[in-house]
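See structure below.
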Amino acid sequence: MPGTEHFRNTTRHDVETVNTVALLRIDESLYFANARYLEDTVYNLVASHPELEHVVLICSAVNLIDASALESLDAINARLKDSDVKLHLSEVKGPVMDQLKKSDFLEALTGRVFLSTYAAWREFS
């Protein structure tokens, strides 16, 4: 939302956008039941917006992440890399970051982990 540090759905609100950046809020924990849906959602987003250079997954509602979801994040990161799109995360909670650190995901991540979504937005807009 212009003049604030808040982000809202582009179809419901008059918001500022940049065609090279997509912010995607994840509204629940990531686990085997929804991991594939996240992959499909990101791939469809990138396919329908070929100008994208950055995808930021907003993780403020993600309380846990399982092995299936970690595999999906790895797959998303690799596929976006092949498309010259960087994957970033924002607002990752401590327990989720602990899980990410136990894996190889952060070492392979093409982008960055931002403390806030607003920090990511300022970086890319």
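The values are calculated or read from the model by the stated rules, or taken from the named source; none is laboratory data. None of the values given here were measured: they were computed from a predicted structure. Using ideal geometry, Cβ is built from the backbone for each residue, glycine included, and neighbour counts are taken over all protein chains shown.
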* Structure fact -> Note on the range 94-120: residues assigned to a loop (DSSP other than H, G, I, E, B) and surrounded by 15 or more Cβ atoms within 10 Å (Cβ to Cβ) are SER103, LEU109, THR110, GLY111, ARG112
* To do: Determine the pairs where a residue that is closer than 11 Å to ASP74 by Cβ, located within the range 85-112, has a partner that is among the aromatic types (Phe, Trp, Tyr) and surrounded by fewer than 13 Cβ atoms within 10 Å (Cβ to Cβ) with Cβ atoms under 7 Å apart, the partner being 6 or more residues away or on another chain.
  => none
* Boolean, THR10 is surrounded by fewer than 11 Cβ atoms within 10 Å (Cβ to Cβ), at pLDDT below 95 and farther than 30 Å from ALA67 by Cβ -> no
* **Members of the range 19-40 that are acidic (Asp, Glu), more than 19 Å from HIS88 (Cβ to Cβ) and in a helix (DSSP H, G or I)** => ASP40
* To do: With the checklist (1) more than 20 Å from VAL18 (Cβ to Cβ); (2) part of a loop (DSSP other than H, G, I, E, B) in hand, flag the one item SER68 doesn't pass.
  => (2)
* Structure fact -> If we keep only residues of the range 61-91 that are surrounded by fewer than 22 Cβ atoms within 10 Å (Cβ to Cβ) and hydroxyl-bearing (Ser, Thr, Tyr), then the residue farthest from SER48 (Cα to Cα) is SER68
* **Unmet requirement for SER116, which otherwise passes all of (1) more than 11 Å from LEU57 (Cβ to Cβ); (2) in contact with a helix residue (DSSP H, G or I) (Cβ under 6 Å, 6 or more places away or on another chain); (3) of a type in the set (S, T, N, Q)** => (2)
